[in-house]
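The values are calculated or read from the model by the stated rules, or taken from the named source; none is laboratory data. Computed from a predicted structure; not experimentally measured. Note that each Cβ is placed from the backbone with ideal geometry, even for glycine, and that neighbours are counted across all protein chains shown.
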Number of protein chains: 2
Amino acid sequence: MTSVQGARARARIEITAAIKDEARAQLAAEGAAKLSLRAVAREVGMVSSALYRYFPSRDDLLTALIIDAYDAVGAAAEQALADSRAATAPDDHLARWTAVCRAVRAWAVAHPHEYALIYGSPVPGYSAPQDTIGPASRVALVLIGILGEALAAEGVAPPPVPAALRPEAERIAAEFARDLPPAHDLPPALAVAMVAAWSQLFGLVSFEVFGQFNRVVEDRETFFATAADRLGREIGLLARS
Amino acid sequence: MTSVQGARARARIEITAAIKDEARAQLAAEGAAKLSLRAVAREVGMVSSALYRYFPSRDDLLTALIIDAYDAVGAAAEQALADSRAATAPDDHLARWTAVCRAVRAWAVAHPHEYALIYGSPVPGYSAPQDTIGPASRVALVLIGILGEALAAEGVAPPPVPAALRPEAERIAAEFARDLPPAHDLPPALAVAMVAAWSQLFGLVSFEVFGQFNRVVEDRETFFATAADRLGREIGLLARS
DNA sequence: GTCTATAACGAGATAGAC
DNA sequence: GTCTATCTCGTTATAGAC
């Protein structure tokens, strides 16, 4: 009994993976807007109606791909942080920040279509469900975690906040405190600076992945590494003492 | 004779505009990937083959929309610079920098679909021709112009360049010198810093326009203004003396 | 010469009957 | 699950109106 159920479950997992793989291939070839359940079904050798046993709708398939992509960058960021712990001095928070940034960029360059799916233009007619929020925040959580550690070790000096931005800064800090584990609490100045750095980091990545650096930047790895380092310093992370 | 030609030319301009307007409407509704010549023709009351008198192919229509969009942001940036000249002290280069940044953001927020067309995910199967390069650089040219002025007035202190980035910085500066009028020459340190700030600026805009700030940033105008100001300072623009 | 309309092509998507 | 009839698409050839 259990073996049959186990085999069924295994088959279901395999077929689900095959469907998603084919969908990812179509993402690369035609873009998210043209992702079609029928074409995916044809390619995996199923009839379109059979696909609905795995994904109730085209949007659900899209959601699965989006969650997978967010999880993949998130995992890359988390892995980079874990790896860099061994390679950096405990007080070198800036080095870990840049290591995570570089990992995000490396993943994006290696998976441009999945990157476009999550950080590019919204897919027309698709609105992301709540399920994507968790995976979507993994990268930010890693960065916030680094800042939290630096804060505890007095390794960060957040920049001053203009008076006009003060309410927004406090709102964002309160939001973090509400959604995140207490270890990730940040003072308002650091919380806003973090959000700004976060979006600027992805600005660098998007310009490279989307081709805006063509004919402009050649040594993109060095360019990015320098910019990420400056972003970390800008947020207040102190260089290694 | 001339009146006939004038009438023809006028009609041609009007019809071309109507086609592009309808195409823009479809861009908003279905996305660039699904832009269809037939649907545009149907909507403007023509038969699809007649469209080929105005645009030799679907890609040429797309190219026209892309150029229009680049020209629109570019014009907004140029206008913002011209306007801010009257409103700012001659030595306040930073104020003009932020004015231009805010104008770019305002245009993007007002025209999200056209923004997505030029700064979002690349359109699958479409590759931009050379004609887009000029319009695409207008915003960057405005920013470079501000830096050039600041440089001439000793109003900018570019950040140091790490040794590893030095060759790339010099390459970029040489590229600027080759492509741009001499008034826009920048030293290597300022040229790389400019490119980094440029991409980070659009990172802020893209995150807002593409919805990444949902549930994160509320007062987006203030948030952006502060970040743009910090970007200008980061690049070395000095606050007003 | 400049334009629009008809018709057609090959490829692909789609809906529904079976 | 299969098949078929009916859509859409980009594009071209052609013929006629102005």
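Given the condition closer than 17 Å to residue B:216 by Cα and within 13 Å of chain B (Cβ to nearest Cβ), answer yes or no: does some residue in the range A:115-124 qualify? So that I can check it myself, show each step before the final result.
Filtering the range A:115-124 for residues closer than 17 Å to residue B:216 by Cα gives A:118-119.
Subset that is within 13 Å of chain B (Cβ to nearest Cβ): A:118-119.
Checking the range A:115-124: at least one residue is closer than 17 Å to residue B:216 by Cα and within 13 Å of chain B (Cβ to nearest Cβ).
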Report summary line: Going through the range B:12-27 in order, the residues found to be surrounded by fewer than 16 Cβ atoms within 10 Å (Cβ to Cβ), closer than 20 Å to residue B:117 by Cβ and charged (D, E, K, R) are B:21
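Let's see how each residue does on (1) within 18 Å of residue B:121 (Cβ to Cβ); (2) surrounded by 14 or more Cβ atoms within 10 Å (Cβ to Cβ):
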position	(1), (2)
B:29	yes, no
B:33	yes, yes
B:40	no, yes
B:45	no, no
B:55	no, yes
B:64	no, yes
Requested in this report: Can you tell me which residue within the range A:42-60, out of those that are of a type outside the set (Asp, Glu), touching a helix residue (DSSP H, G or I) at 6+ places or on another chain (Cβ under 6 Å) and part of a helix (DSSP H, G or I), is farthest from DNA strand D (Cβ to nearest atom)?
Outcome: A:58
Report summary line: From the option list B:35, B:51, B:62, B:27, single residue qualifying as more than 23 Å from residue B:137 (Cα to Cα) and within 14 Å of another protein chain (Cβ to nearest Cβ) is B:35
Query raised in the report: Within the range A:84-98, which residues are surrounded by 14 or more Cβ atoms within 10 Å (Cβ to Cβ) and not aliphatic (A, V, I, L, M)?
Result: A:84, A:88, A:91, A:92, A:93, A:96, A:97, A:98
Query raised in the report: In the range B:138-174, what count of residues is obtained for those that are in contact (Cβ under 8 Å) with a residue 24 or more places away in the chain, within 14 Å of another protein chain (Cβ to nearest Cβ) and assigned to a loop (DSSP other than H, G, I, E, B)?
Result: 4
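Taking the stated definitions as given, is residue B:210 among the hydrophobic types (A, V, I, L, M, F, W, C) and within 8 Å of another protein chain (Cβ to nearest Cβ)?
Numbers: among the hydrophobic types (A, V, I, L, M, F, W, C): yes; within 8 Å of another protein chain (Cβ to nearest Cβ): yes.
Against the criterion (among the hydrophobic types (A, V, I, L, M, F, W, C) and within 8 Å of another protein chain (Cβ to nearest Cβ)), residue B:210 qualifies.
Please go through the range B:216-227 and pick out each residue that is touching a helix residue (DSSP H, G or I) at 6+ places or on another chain (Cβ under 7 Å) and either surrounded by fewer than 24 Cβ atoms within 10 Å (Cβ to Cβ) or over 24 Å from residue A:229 (Cβ atoms) (or both). Write out each step before concluding.
Of the residues in the range B:216-227, the ones touching a helix residue (DSSP H, G or I) at 6+ places or on another chain (Cβ under 7 Å) are B:216-220, B:222-227.
Selection gives B:216, B:217, B:218, B:219, B:220, B:222, B:225, B:226.
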**Report entry** Residue, farthest from residue A:200 (Cα to Cα), within the range B:184-215, restricted to residues that are surrounded by fewer than 22 Cβ atoms within 10 Å (Cβ to Cβ) and without any contact (Cβ under 8 Å) to a residue 24 or more places away in the chain
**Finding:** B:215
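Listed residues B:25, B:103, B:39, B:18; which is at pLDDT 95 or above, in contact with a helix residue (DSSP H, G or I) (Cβ under 9 Å, 6 or more places away or on another chain) and within 25 Å of residue A:207 (Cα to Cα)? Let's see the steps before the verdict.
Working: B:25 fails: within 25 Å of residue A:207 (Cα to Cα); B:39 fails: within 25 Å of residue A:207 (Cα to Cα); B:18 fails: within 25 Å of residue A:207 (Cα to Cα).
Exactly one of B:25, B:103, B:39, B:18 is at pLDDT 95 or above, in contact with a helix residue (DSSP H, G or I) (Cβ under 9 Å, 6 or more places away or on another chain) and within 25 Å of residue A:207 (Cα to Cα), namely B:103.
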